[in-house]
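Beneath this line is the structure, given in structure tokens, with notes to follow.
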Amino acid sequence: MNKKTNIDINTVKLLYHNNRNYILPIVVILVSLFLFIKFIIPQMVALSETQELIKTENEKLEILRNNLNLLSNANEQTLDSQLAVTTEALPTNKDFAGILNAVSLAANRTGVFLGDFEFQVGDVSKDNPQIPLSPSLELVLTVRGGVKPTLNFINELYRSVPVSEVLTLEINDTVALLTTSFYYKTYPKTGFSYNVPLKPLSKRSLDTINEISSWNNPSNFEGPVTINASPSATPVASPSASSQ
Amino acid sequence: MNNDINLVKKNVDGADNRKTKILRNGAIAFALLIAILSIILFVLSRRNSLESIKKEQNTVLQNITFLEEKAAKFDLINDRIRNIEKVLDARKNYIETVNTIIQEVPNDASVVFVSIDKGVILMTISSASLLSINEFLDRFIGIAEEKHVIKDTTIESLTINSQSERYLLSIKAKLL
């Protein structure tokens, strides 16, 4: 059955008259809901995102402040001396002169005579597989002086800069053949970033620096270090020429 | 006229009054809630503004720029020391072990050959007395058992040099 409903102005007036007490509160509630959904919720989401961003930026600021504090309090002279000590222990390139001076100084101190020595040029660019991050320069040298003095010589070499390691050792009566690695490391290519927290040197690092400072350092000796060369020693080729 | 037909309500009863009151209070509460939330959001968004943090960051950065040289030195020292520690941790120092072994060589014996390669020590001692050779061998094994600085000890050879009439003992072990 099809029923038709006619709403005329009087009916509307009547409906309004009957429900006028409800209309305003309902409109207010609807508008409030609209505002809540359309503005308040998006604002809350945006605020939470902003808070996250603020947190990140605050952390960055904290890092910057700490770095500034650390750098302001760092003593320039101490830094210079620490840099000098560590660079002598681990040079930034193949320090042929430093190596020869260290070897000569160790020989002088232990009374052994140095025979022939040669740099293993072929291995210069190779990294030591045991210590992949530090390339090394290999030096094969002959030492004359017997078992005990040779061991003392190695001990002295281990307490000298630049840092070295004896890879192979062969002592035959009074003559010893040593293969020694002298480590070096170029400066890092990646530059310093202020956003990365700078850490003060750990106690271990400071101890290491103090220990290295007490090692034999040919540059602390005035004048050239003389070599205890045995009569059979042959002259060494120019390092710069051999490194090519 | 029929009295039952009356389009205008004569009396608003109590139930209707209550409904209106609840609805009105609800509307006020909603409106207040929205107003309070808006104020809170406004205050929160004004507080800790990102701009002020960025501004402070720039100020600190400007101050750090004056200490650029120090920062570079600091970075380099850290890089050097990190690598030095790596090398020192990884490098082997067998000299102490060799010295310990040599100290155990009897007086009437002498070390004629020592070789260390890839963590293996090969040592030859010479003596006119077989007893001394035996004594050294016992001590060498004792070092392996007690001091744990060597392992896998093997005797490579025991020979006699007829010209010098001296015994030669070659012994091999892995260095720990």
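The values are calculated or read from the model by the stated rules, or taken from the named source; none is laboratory data. Keep in mind it's a predicted model, so treat the numbers as computed, not measured. No Cβ is skipped: glycine too gets one built from the backbone with ideal geometry, and neighbour counts run over all protein chains shown. When the accessible area is computed, the model is the full protein with side chains, heavy atoms only, and any ligands, DNA or RNA have been set aside. Shrake-Rupley method; radii C 1.70, N 1.55, O 1.52, S 1.80 Å.
Summary of values
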quantity: Tally, over segment B:50-69, of residues that are within 8 Å of another protein chain (Cβ to nearest Cβ) and open to solvent by 30 Å² or more (accessible area, probe 1.4 Å); calculated: 6
quantity: Which listed residue, of B:LEU44, B:LEU88, B:LEU76, is in a helix (DSSP H, G or I), open to solvent by 30 Å² or more (accessible area, probe 1.4 Å), at the interface with another protein chain (Cβ under 9 Å from one of its Cβ atoms) and within 30 Å of A:GLN51 (Cα to Cα); calculated: B:LEU44
quantity: Which numbered condition A:LEU157 fails, given (1) over 17 Å from A:LEU114 (Cβ atoms); (2) open to solvent by less than 40 Å² (accessible area, probe 1.4 Å); calculated: (1)
quantity: Segment B:95-118 - residue that is open to solvent by 40 Å² or more (accessible area, probe 1.4 Å) and more than 7 Å from every other protein chain (Cβ to nearest Cβ) and, of those, farthest from A:ILE154 (Cα to Cα); calculated: B:ASP108
quantity: Selected residue (criterion: nearest to the other protein chains (Cβ to nearest Cβ)) from residues of segment A:86-111 that are of a type in the set (Val, Ile, Thr) and within 17 Å of the chain's Cα centre (by Cα); calculated: A:THR86
quantity: Hits in segment A:13-24 (condition: facing chain B (nearest Cβ under 9 Å) and not aliphatic (A, V, I, L, M)); calculated: A:HIS17, A:ASN18, A:ASN21, A:TYR22
quantity: Qualifying residue in segment B:21-34 (condition: modelled with pLDDT under 90, in contact with a helix residue (DSSP H, G or I) (Cβ under 6 Å, 6 or more places away or on another chain), open to solvent by less than 60 Å² (accessible area, probe 1.4 Å) and within 9 Å of chain A (Cβ to nearest Cβ)); calculated: yes
quantity: Residues of segment B:116-151 classified as in a loop (DSSP other than H, G, I, E, B), in contact with a strand residue (DSSP E or B) (Cβ under 7 Å, 6 or more places away or on another chain) and of a type in the set (S, T, N, Q), total; calculated: 0
quantity: Filtered residues of segment A:77-100 (kept if open to solvent by 40 Å² or more (accessible area, probe 1.4 Å), within 15 Å of A:SER219 (Cα to Cα) and either at pLDDT 90 or above or not in a helix (DSSP H, G or I) (or both)); calculated: A:SER81, A:ALA84, A:GLU88, A:ASP95
quantity: Among the residues listed as B:LYS86, B:LYS55, B:LYS147, the single one being over 30 Å from B:GLN163 (Cβ atoms) and at pLDDT below 90; calculated: B:LYS147
quantity: Residue match in segment A:164-180 (condition: at the interface with another protein chain (Cβ under 8 Å from one of its Cβ atoms), closer than 30 Å to A:LEU61 by Cβ and modelled with pLDDT under 90); calculated: no
quantity: The listed residue being more than 10 Å from chain B (Cβ to nearest Cβ), without any contact (Cβ under 8 Å) to a residue 60 or more places away in the chain and hydrophobic (A, V, I, L, M, F, W, C), out of A:VAL45, A:VAL31, A:VAL27; calculated: A:VAL45
quantity: Near pairs, Cβ below 9 angstrom, 6+ apart or cross-chain, from segment A:165-183 (in contact (Cβ under 8 Å) with a residue 12 or more places away in the chain and on the phi > 0 side of the Ramachandran plot) to any residue that is in a strand (DSSP E or B) and open to solvent by 80 Å² or more (accessible area, probe 1.4 Å); calculated: none
